[in-house]
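Visitor: This is the structure I want to talk about, given as structure tokens.
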Amino acid sequence: MKIEIFCLILFFSNSFCEFRFHPRKTKEEIETQRNGLDPLGITLDDFSEIWIKRSQDYINDRLNYQNNNGKAKNVIFFLGDGLSLTTTAATRMYLGGEEVELSYERFPHLGFVKTYCVDRQVADSACTANAFLHGVKNNYQSLGLTANVSRTACTFTDEDITYSIAKWAQDAGKATGVVTTTRITHATPAGAYAHSPHRSWENNAAISSTCRNDPNSRVTDIAHQLVYNEEAQKFKVILGCGRREFLNTTERDEENGAGRRTDGRNLINEWLEERNKVGNAQYVWHKQQLDEVDVQSTDYLLGLFENDHCMYRNDIRDRNLLRQEPLLTDMTRIALQMLQKDENGFFLLVEAGRIDHAHHSNRAPQSMDETAEFARAIELARSLTSSEDTLIVVSSDHSHVFTYAGYPVRRNDINHIAGRGSDRRPYETLSYSNGPSATNSFDSDGYRRDISNDIFGTSRRAHQSLVPLSSETHAGEDVAVYADGPWAQLFQGSYEQSVIPLAMAYSAHIGPYADSSPINPGKEEK
Ligand SMILES: *[C@@H]1O[C@H](CO)[C@@H](O)[C@H](O)[C@H]1NC(C)=O
Ligand SMILES: *[C@@H]1O[C@H](CO)[C@@H](O)[C@H](O)[C@H]1NC(C)=O
Ligand SMILES: [Zn+2]
């Protein structure tokens, strides 16, 4: 206690305190850190007044905030795949400084969700999608089915099927849509429309041979389900990537990428035929076409912009492909235009799916870049809608083994060195407890590799990790939920991930809370 008061007095000559509470830094380390230091970062905000003032502004904002108990006409759910709290914190630095607020951090209500699945402590993106879209936790790698169905099963009963909030919205007469930066048949978007024991059954050839050879199999591939499932047929807008799942191996897509199917089908053409039976359908595969879509006359829009996943934003920029490849923000804008035509309101799922993929490769800079784009898409969606009638909920499916560590000085380059280990070698502020970089993180003598002369900050740089794995893993701690709009206050607290769609449904009077639903507890209208 005494020493803390002493430190406070010695605030401006705090080398003693630093020695007392933090590991001593070498001159060289301090020099390294100061090189990345923005001199503005250590000026005024070290004095007390500005902190008190900022806090008072914050509290005044809270005092003036009124909960919105109205009915949500529209609901937008933004899912940052693998968006851990560490990822959000690191992205603040990536965007300019420790005090930066990402768009969703300004939302008035915040909670934490537990992400475990029925059979796994640490979840994948399929079972979590079932929790945050269907309200039912299920098995690792399963979609749209209860935990009664194993991920290798080929049959299931009607009672085993669960339905997503997209269907709840459709049943209430609302328009629906899905946007993602992954293959549209990947776990998170498929969570909105597919029922598949295993998430990897994205095309007919990917289904397990057991099920392919089982005459009683009830399994169909996820791309097929996007064309023929009842809930998928109603999507007004579907934007993402992964054309390969829709085409035969003998077929090439518009950019000469090969298909993966072996049943001879062209499901993109089938989608067009099916949707054109009931409205005006359009398929686009590059950004210019997307920009030129006549939103008013188009009833159904499908955009598939890559053969596999969409490109990382930094690759699109570095390769000068902004005219060809839409960013998440571009897709979100068109999706909102398509859905806002509906007088009954809409439900839209938007996924930034590659925050996760970059983490799996230990590429922290790329992950932060994807997160920055995610934040921009949310900001855009908020600016194009009103918080009076549109609930926006932002969350993640699971965390990653990604840490933000050491005692770097203020404004230290987030992609750079934080300090030295007791092995006398430098370590980065951002690192991982496992992943592919581990094989390059140690010398043959078992010591950590000396990274002093590495080039930091490039988008593809893999940060150091400990346990070698071909793909870095998810992590099991809670993720945050940020909410703004009608009934955003429901998202406060610490709760199960499966609460999320129920709370969204409550705000919009859909699904289990539809005005016509027998279990609707009878909400008070504003
Ligand atoms: C669980 O699965 C079994 C085997 O398919 C099926 O007979 C049973 O009806 C299912 N139970 C429920 C509650 O869905
Ligand atoms: C589709 O691909 C399979 C296997 O690669 C091939 O045998 C078949 O002939 C193809 N079908 C068509 C219609 O091209
Ligand atoms: Zn993942």
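Visitor: How do the pairs read when you match residues in the range 316-328 that are more than 11 Å from Asp369 (Cβ to Cβ) with residues anywhere that are part of a loop (DSSP other than H, G, I, E, B) and of a type in the set (Asp, Glu), using Cβ under 8 Å and keeping only pairs 6 or more apart or on different chains?
Guide: These pairs meet every condition: Glu325/Glu306.
Visitor: Condition test on Arg212, is it among the charged types (D, E, K, R) and within 16 Å of ligand 2 (Cβ to nearest atom)?
Guide: Criteria met by Arg212.
Visitor: Let me ask something additional. So which residues in the range 462-482 are open to solvent by less than 20 Å² (accessible area, probe 1.4 Å) and either among the β-branched types (Val, Ile, Thr) or within 16 Å of ligand 3 (Cβ to nearest atom) (or both)?
Guide: Ser465, Glu472, Ala475, Val479, Val481
Visitor: Considering only residues that are under 25 Å from Arg460 (Cβ atoms) and either assigned by TED's automatic domain parsing to the domain that holds Ala89 or not aliphatic (A, V, I, L, M) (or both), which ones fall in the range 407-419?
Guide: Residues satisfying the conditions are Pro408, Arg411, Asn412, Asp413, Asn415, His416, Gly419.
Visitor: With respect to Lys277, is the statement that it is more than 16 Å from ligand 1 (Cβ to nearest atom), charged (D, E, K, R) and surrounded by fewer than 17 Cβ atoms within 10 Å (Cβ to Cβ) true?
Guide: For Lys277, the condition - more than 16 Å from ligand 1 (Cβ to nearest atom), charged (D, E, K, R) and surrounded by fewer than 17 Cβ atoms within 10 Å (Cβ to Cβ) - is met.
To keep it simple, each residue is scored yes or no on (1) in contact with a Phe, Trp or Tyr (Cβ under 6 Å, 6 or more places away or on another chain); (2) surrounded by fewer than 18 Cβ atoms within 10 Å (Cβ to Cβ); (3) assigned by TED's automatic domain parsing to the domain that holds Val350.
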{"position": "Asn204", "(1), (2), (3)": "no, no, yes"}
{"position": "Gln225", "(1), (2), (3)": "no, no, yes"}
{"position": "Asn229", "(1), (2), (3)": "yes, no, yes"}
{"position": "Glu254", "(1), (2), (3)": "yes, yes, yes"}
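Visitor: Could you please give the count of residues in the range 135-153 that are at negative phi and open to solvent by 10 Å² or more (accessible area, probe 1.4 Å)?
Guide: Going through the range 135-153 one residue at a time, the tally reaches 11.
Visitor: Any idea which residue in the range 483-506 is farthest from Asp81 (Cα to Cα), counting only those that are open to solvent by less than 10 Å² (accessible area, probe 1.4 Å) and of a type outside the set (A, V, I, L, M, F, W, C)?
Guide: That would be Pro486.
Visitor: Can you name the number of the only condition in (1) in contact (Cβ under 8 Å) with a residue 60 or more places away in the chain; (2) part of a helix (DSSP H, G or I); (3) surrounded by fewer than 17 Cβ atoms within 10 Å (Cβ to Cβ) that Asn216 fails?
Guide: (2)
Visitor: Contact list please: Cβ distance under 9 Å, first residue in the range 260-287 and free of Cβ contacts under 8 Å to residues at least 24 places away in the same chain, second residue within 16 Å of ligand 1 (Cβ to nearest atom), pairs at least six apart or on different chains.
Guide: As it stands, the answer is none, since no pair meets every condition given.
Visitor: Go through (1) within 16 Å of ligand 1 (Cβ to nearest atom); (2) surrounded by fewer than 16 Cβ atoms within 10 Å (Cβ to Cβ) and name the single condition Val118 misses.
Guide: So Val118 meets the others, but not (2).
Visitor: Could I ask something else about it? Looking at Ala123, Ala153, Ala129, can you tell me which residue is part of a loop (DSSP other than H, G, I, E, B), more than 16 Å from ligand 1 (Cβ to nearest atom), modelled with pLDDT of 95 or more and small (Gly, Ala, Ser)?
Guide: After ruling out the rest, the residue left standing is Ala123.
Visitor: Would you check which residues across the range 148-170 are among the aliphatic types (A, V, I, L, M) and within 24 Å of the chain's Cα centre (by Cα) and list them?
Guide: Within the range 148-170, Ile165, Ala166, Ala169 meet the criteria.
Visitor: Here's something else I'd like to know. Are any of the residues in the range 504-522 more than 21 Å from Lys167 (Cα to Cα), touching a residue at least 24 places away in the same chain (Cβ under 8 Å) and more than 16 Å from ligand 1 (Cβ to nearest atom)?
Guide: No, the range 504-522 contains no residue that is more than 21 Å from Lys167 (Cα to Cα), touching a residue at least 24 places away in the same chain (Cβ under 8 Å) and more than 16 Å from ligand 1 (Cβ to nearest atom).
Visitor: Go through Leu239, Leu226, Leu247, Leu267 for me and flag whichever is aliphatic (A, V, I, L, M), within 14 Å of ligand 2 (Cβ to nearest atom) and touching a helix residue (DSSP H, G or I) at 6+ places or on another chain (Cβ under 6 Å).
Guide: Selected residue: Leu267, the only one of Leu239, Leu226, Leu247, Leu267 that is aliphatic (A, V, I, L, M), within 14 Å of ligand 2 (Cβ to nearest atom) and touching a helix residue (DSSP H, G or I) at 6+ places or on another chain (Cβ under 6 Å).
Visitor: I want to confirm something. Restricting to the range 171-190 and keeping residues that are open to solvent by less than 20 Å² (accessible area, probe 1.4 Å) and away from ligand 3 (no atom under 16 Å from the Cβ), which single residue is nearest to Arg313 (Cα to Cα)?
Guide: Val179
Visitor: Mind checking whether some residue in the range 358-370 is touching a residue at least 60 places away in the same chain (Cβ under 8 Å), farther than 28 Å from Ala72 by Cβ, open to solvent by 10 Å² or more (accessible area, probe 1.4 Å) and not charged (D, E, K, R)?
Guide: Checking the range 358-370: at least one residue is touching a residue at least 60 places away in the same chain (Cβ under 8 Å), farther than 28 Å from Ala72 by Cβ, open to solvent by 10 Å² or more (accessible area, probe 1.4 Å) and not charged (D, E, K, R).
Visitor: Kindly indicate the residue of the range 249-267 that is in contact with a Lys or Arg (Cβ under 7 Å, 6 or more places away or on another chain) and not charged (D, E, K, R) and also nearest to ligand 3 (Cβ to nearest atom) among those meeting that condition.
Guide: Gly257
Visitor: A follow-up question, please. Tell me yes or no: at least one residue of the range 96-110 is touching a Phe, Trp or Tyr at 6+ places or on another chain (Cβ under 8 Å), at negative phi and either within 16 Å of ligand 3 (Cβ to nearest atom) or without any contact (Cβ under 8 Å) to a residue 60 or more places away in the chain (or both).
Guide: No, the range 96-110 has no match at all.
The values are calculated or read from the model by the stated rules, or taken from the named source; none is laboratory data. This one's a predicted model, so the numbers in the text were calculated from it and none came from an experiment. No Cβ is skipped: glycine too gets one built from the backbone with ideal geometry, and neighbour counts run over all protein chains shown. The accessibility values were calculated without ligands, DNA or RNA, using every heavy atom of the protein model including side chains. Shrake-Rupley method; radii C 1.70, N 1.55, O 1.52, S 1.80 Å.
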